[in-house]
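The values are calculated or read from the model by the stated rules, or taken from the named source; none is laboratory data. Computed from a prediction, not measured in an experiment: that's the story for all the values here. Cβ coordinates were reconstructed from backbone atoms using ideal geometry, including for glycine residues, and neighbour counts include every protein chain displayed. When the accessible area is computed, the model is the full protein with side chains, heavy atoms only, and any ligands, DNA or RNA have been set aside. Shrake-Rupley method; radii C 1.70, N 1.55, O 1.52, S 1.80 Å.
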Amino acid sequence: MFKSKIKSTLIASLLAFGVSGGLLGNATTAQAETYQLDTQGAHASIQFKISHLGYSWILARFNKFDGQFEFDANKPEASSISITVDTASLDSNHAERDKHLRSADFLDVSKFPTATFVSTGLKAVSEKKAVLSGDLTIKGITKPITMDVNWIGGGDDPWGYVRQGFEGSVVIPVGDYGMMDMGPSAQEVEILVFFEGVRPKG
């Protein structure tokens, strides 16, 4: 299966919400823990949204990705996250469009089979909101981005695991990553992420 290789800085800090009452809370007892994105249970998703001629929206997702994050409640700024995406798993529910989006005009999946995100920092805005900084690599091009993130919730589940979840969004210019110009209404794409991390209790 797809396994992420790099660790990062985002969700880690977000976990402070559930472990210590918020990003701005006082964390003194928690220890560093590793959470795996729950892709097997389909409790994580990466989607994107782009305008179609200025009249409507095209929505799509990536069906295969993986990642993990580590969090130390005593030093959340040193925590980390990374995500690796299988670009060929793009799915917009339209076979011909997907074929074009996988081509060299856009993701060029035969040459660049993965896209990655590696966090570099996180700044708390409020108890449940933060701004995540990191490096996004698409088509071999790496650019720094900042993403607004919200902590959704966290705690024990009924099956002996601990979970933490968050959502985030960022708008990026498609031209920054060498993708085809589709007209004035489609210069930017919004990336939406919904992640639940899971680890065994204890």
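Below is a table of values for the structure above.
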{"read-out": "Failed condition for Asn150, given (1) touching a Lys or Arg at 6+ places or on another chain (Cβ under 6 Å); (2) outside any strand (DSSP E or B); (3) of a type in the set (S, T, N, Q)", "value": "(2)"}
{"read-out": "Of residues in the range 152-170 being open to solvent by 20 Å² or more (accessible area, probe 1.4 Å) and under 13 Å from the mean Cα position of the chain (by Cα), the one modelled with the lowest pLDDT", "value": "Glu167"}
{"read-out": "Selection count, the range 153-174, where residues are outside any strand (DSSP E or B) and over 19 Å from Gln47 (Cα atoms)", "value": "4"}
{"read-out": "Selected residue [more than 18 Å from Gly67 (Cα to Cα) and part of a strand (DSSP E or B)] from Lys111, Lys99, Lys123", "value": "Lys123"}
{"read-out": "Test: Leu132 is among the hydrophobic types (A, V, I, L, M, F, W, C) and modelled with pLDDT under 90", "value": "yes"}
{"read-out": "Extreme residue, most open to solvent (accessible area, probe 1.4 Å), among residues of the range 182-202 that are in a strand (DSSP E or B) and closer than 17 Å to Leu59 by Cα", "value": "Glu188"}
{"read-out": "Exclusive hit being open to solvent by less than 30 Å² (accessible area, probe 1.4 Å), farther than 22 Å from Asn63 by Cβ and touching a Phe, Trp or Tyr at 6+ places or on another chain (Cβ under 9 Å), set Val85, Val149", "value": "Val149"}
{"read-out": "Condition broken by Met179, with the remaining ones in (1) assigned to a loop (DSSP other than H, G, I, E, B); (2) surrounded by fewer than 16 Cβ atoms within 10 Å (Cβ to Cβ); (3) in contact with a Phe, Trp or Tyr (Cβ under 8 Å, 6 or more places away or on another chain) satisfied", "value": "(2)"}
{"read-out": "Where Phe106 falls short, out of the listed (1) open to solvent by less than 50 Å² (accessible area, probe 1.4 Å); (2) not in a loop (DSSP other than H, G, I, E, B)", "value": "(2)"}
{"read-out": "Exclusive hit being at pLDDT 95 or above, open to solvent by 70 Å² or more (accessible area, probe 1.4 Å) and out of contact with any Cys (no Cβ under 8 Å at 6 or more places or on another chain), set Pro144, Pro173", "value": "Pro144"}
{"read-out": "Residue satisfying all of: in the range 60-96; in a helix (DSSP H, G or I) and either hydrophobic (A, V, I, L, M, F, W, C) or at pLDDT 95 or above (or both); farthest from the chain's Cα centre (by Cα) among these", "value": "Glu96"}
{"read-out": "Count of the range 126-141 residues which are outside any loop (DSSP other than H, G, I, E, B) and surrounded by fewer than 17 Cβ atoms within 10 Å (Cβ to Cβ)", "value": "5"}
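Here's the yes/no breakdown for (1) in contact with a Phe, Trp or Tyr (Cβ under 9 Å, 6 or more places away or on another chain); (2) free of Cβ contacts under 8 Å to residues at least 24 places away in the same chain:
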{"position": "Thr114", "(1), (2)": "yes, no"}
{"position": "Lys128", "(1), (2)": "yes, no"}
{"position": "Val131", "(1), (2)": "no, yes"}
{"position": "Thr137", "(1), (2)": "yes, yes"}
{"position": "Pro173", "(1), (2)": "no, yes"}
{"position": "Gly183", "(1), (2)": "no, no"}
{"position": "Ile191", "(1), (2)": "yes, no"}
